[in-house]
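Enquirer: Pasting in a structure now, in structure tokens, and then I'll have a few things to ask.
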Amino acid sequence: MSRATIASMSSPAFASIDTVSAALAAHGYIPDRSLATTVFLAVRLGRPVFLEGEPGVGKTALASTLATILGTELIRLQCYEGLDVHTALYEWNYPRQMLEVRLQEARGLARERIGTDIFTEAFLLERPLLRAIRSEGPAPAVLLIDEVDRADEEFEAFLLEVLSEFQVTIPELGTIRARRVPLVVLTSNRTRELHDALKRRCLYHWIDYPDVAKEVAIVQARLPGIAARLAGQLAFFMQRIRHEDLHKRPGVAETLDWAEALLALGAADLDPATVDATLGCILKYKADQDRLRAAGIDRLLGDARQAREFAASPMTR
Ligand SMILES: Nc1ncnc2c1ncn2[C@@H]1O[C@H](COP(=O)(O)OP(=O)(O)OP(=O)(O)O)[C@@H](O)[C@H]1O
Ligand SMILES: [Mg+2]
């Protein structure tokens with residue numbers, strides 16, 4: 001299928017980049033301008049979005065938010081090592097086929113006719129890729145191919161074929177073409193590089209850790225009950241500790257977990273004792289916790305406070 005054909009089959013649901021930003025924000029997802037631009041173009045041109053970024057920075061959440069906005073189904077293909085084409089595309093319902101053959105035998109069907117009609121729609125098990133290709137609309141389905149870097153290279157080659165053609169051939173049933181090209185979102189944590197051929201098909205976007213303003217906005221969007229002051233303290237502290245040499249730097253997911261825990265504890269401020277007691281919300285390795293305690297939680301909090309005061313000073317406003 002040519003790019004022009006694919007583009008003409010995907011509906012331009014968003015009038016402008018601002019519409020994308022506003023819709024995402026209205027659904028609790030805070031995008032950068034460049035991410036909103038990528039989404040706008042992906043929908044307009046019918047191209048897959050390829051998102052890379054550290055864990056917990058909102059890759060998966062973007063796809064699910066888009067499905068909610070478009071009022072369409074989120075079809076998710078979770079990738080893992082050893083994922084094969086059949087698990088991703090379709091399988092035959094083997095137990096049901098066997099049962100059918102037994103029933104036909106019991107009914108005394110002529111031997112040559114037994115099992116001749118068991119490769120039909122009734123025995124087909126749709127898996128995510130086929131479901132996405134066959135989805136009827138009216139809005140295109142959102143197909144999330146999550147953590148594609150975990151799948152094997154052969155699978156990646158197969159994906160490339162599916163994403164180029166949006167059609168599959170099932171030998172017993174024939175070729176099935178997409179009527180509505182799904183909005184495809186691929187994500188990767190970059191445990192390995194993907195092939196250039198796959199990347200070339202996609203619009204690429206790297207999601208970085210958010211800056212302070214964005215992280216405050218995310219916390220407030222996800223936990224509307226939180227005081228602006230605590231949200232600010234959290235965001236600055238997270239920003240500060242991401243500069244430390246940690247085995248696993250905390251993402252937005254950890255910030256949100258932490259904010260929720262602090263709300264549950266009724267904490268109004270970040271103080272060293274509270275941070276120490278709740279460190280497990282943001283650092284999941286003992287070595288990282290030890291490192292932070294050794295660096296001095298008071299000192300890190302002090303740095304974060306200074307940065308906050310600087311950001312709030314009239315000079316920088
Ligand atoms: N920009 C954002 N706006 C609103 N919420 C966000 C944003 N970024 C991240 N989040 C929230 O952070 C959490 C983690 O996001 P998500 O699961 O999408 O991360 P991910 O990048 O897919 O991580 P992983 O690589 O570990 O799968 C979710 O609760 C998500 O809603
Ligand atoms: Mg994810």
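Enquirer: Find how many whole Å separate the alpha carbon centroid of segment 175-189 from the alpha carbon centroid of segment 114-149.
Expert: Rounded to whole Å, the Cα centres lie 11 Å apart.
Enquirer: Can you list the residues, at least 5 places off or on another chain, whose amide H is less than 5 Å from the amide H of Arg249, using H built in the peptide plane?
Expert: Hits under the 5 Å cutoff: none.
Enquirer: Which of these, Thr38, Thr65, Thr274, has the largest mean-square fluctuation under a Gaussian network model of the chain (Cα springs below 10 Å)?
Expert: Per the Cα network of the chain with a 10 Å cutoff, Thr274 tops the list.
Enquirer: Let me ask something else. Test of the criteria: in segment 103-194, which trypsin sites (Lys or Arg not before Pro) are in a DSSP loop and have at most 14 other Cβ atoms within 10 angstrom of their Cβ?
Expert: On the way: sites: Arg107, Arg111, Arg113, Arg131, Arg134, Arg150, Arg177, Arg179, Arg180, Arg190, Arg192; in loops: Arg107, Arg179, Arg180, Arg190, Arg192.
Here the sparse-neighbourhood loop sites are Arg107, Arg179, Arg190, Arg192.
Enquirer: Rounding to the nearest 10 and keeping the result within 0 to 90°, find how far the Cα-based axis of helix 286-295 lies from the longest principal axis of the chain.
Expert: Orientation of helix 286-295: about 20 degrees from the principal axis.
Enquirer: Assign unit charges at the C-beta atoms only (+1 for Lys and Arg, -1 for Asp and Glu), then state the dipole size of the chain relative to its Cα centre in Debye, rounded to the nearest 20.
Expert: Numbers: 38 positive and 43 negative charges, 144 e Å.
So the magnitude is around 680 debye.
Enquirer: Right, another one. With springs only between Cα atoms under 10 Å apart, run a GNM on the chain and tell me which of Glu260, Glu105, Glu121 wobbles the most.
Expert: Taking springs between Cα atoms under 10 Å, the residue moving most is Glu105.
Enquirer: If you take every residue apart from Leu103 with its C-beta less than 14 Å away from the C-beta of Leu103, what net charge results, scoring Lys and Arg +1 and Asp and Glu -1? Let's see the in-between values first.
Expert: On the way: positive: Arg96, Arg102, Arg107, Arg113; negative: Glu100, Glu105, Asp117.
Surrounding charge for Leu103 is +1.
Enquirer: Select from Gly115, Gly280, Gly53 the residue whose mean-square fluctuation is largest in a Gaussian network model of the chain (Cα-Cα springs shorter than 10 Å).
Expert: Gly115
Enquirer: Sticking with this one: Exactly which GluC sites (Glu not before Pro) in segment 129-171 are in a DSSP loop and have at most 16 other Cβ atoms within 10 Å?
Expert: Glu136
Enquirer: Among Glu172, Glu126, which comes first, then next, by fewest other beta-carbon atoms within 10 Å? Walk me through the numbers on the way to the answer.
Expert: Details: Glu172 11, Glu126 15.
Going from least to most buried by this count: Glu172, Glu126.
Enquirer: At a 10 Å Cβ-Cβ cut-off, how would you order Lys286, Lys199, fewest neighbours first? Provide the component values of the computation, followed by the final result.
Expert: Details: Lys286 10, Lys199 16.
Ordered by Cβ neighbours within 10 Å, fewest first: Lys286, Lys199.
Enquirer: With both partners inside the chain, how many of the DSSP beta bridges are antiparallel, as a percent to the nearest 5? Walk me through the numbers before you get to the answer.
Expert: Details: 7 of 25 bridges.
About 30 percent, rounded to the nearest 5.
Enquirer: Please work out whether segment 25-172 counts as rounded, prolate or oblate from its C-alpha gyration tensor, where a ≥ b ≥ c are the square roots of the eigenvalues and a/c under 1.5 means rounded, while otherwise a/b larger than b/c means prolate and anything else oblate?
Expert: Values: a/c = 2.88, a/b = 2.37, b/c = 1.22.
Prolate.
Enquirer: Please arrange Tyr285, Tyr29 by counting, for each residue, the other beta carbons lying within 10 Å of its beta carbon, fewest first. Intermediate values should be presented prior to the final figure.
Expert: Numbers: Tyr285 11, Tyr29 21.
Going from least to most buried by this count: Tyr285, Tyr29.
Enquirer: Let me check I've understood the local charge: for Ser135, count other residues with C-beta under 15 angstrom from its C-beta, Lys and Arg +1, Asp and Glu -1. What total comes out?
Expert: Numbers: positive: Arg76, Arg127, Arg131, Arg134, Arg177, Arg179, Arg180; negative: Glu73, Glu126, Glu136.
Net charge in that neighbourhood comes out at +4.
Enquirer: Of Val39, His195, Ala132, which is farthest on the positive side of the dipole of the chain, counting Cα position, with +1 on Lys and Arg Cβ, -1 on Asp and Glu Cβ, and the Cα centre as origin?
Expert: Val39
Enquirer: On a straight-distance basis, which lysines could pair with Lys248 in a cross-link, Cα separation under 23 angstrom, same-chain partners fewer than 8 positions away excluded?
Expert: Result set, ordered by chain and number: Lys59, Lys214, Lys284, Lys286.
Enquirer: Going by the alpha-carbon gyration tensor, a ≥ b ≥ c the square roots of its eigenvalues, is the chain rounded (a/c under 1.5) or, if a/c is not under 1.5, prolate (a/b greater than b/c) versus oblate? Please report the intermediate quantities before stating the final value.
Expert: Details: a/c = 2.72, a/b = 2.01, b/c = 1.35.
Prolate, because a/c is 1.5 or more and a/b exceeds b/c.
Enquirer: Just how far, in whole angstrom, is segment 46-110 from segment 265-285 if you go by their alpha carbon centroids?
Expert: One Cα centre to the other: 40 Å.
Coordinate-derived values only; no laboratory data. Predicted model, so just to flag it, every value in this text is computed and none were measured. Note that we place each Cβ from the backbone using ideal geometry, even for glycine, and neighbour counts take in every protein chain shown.
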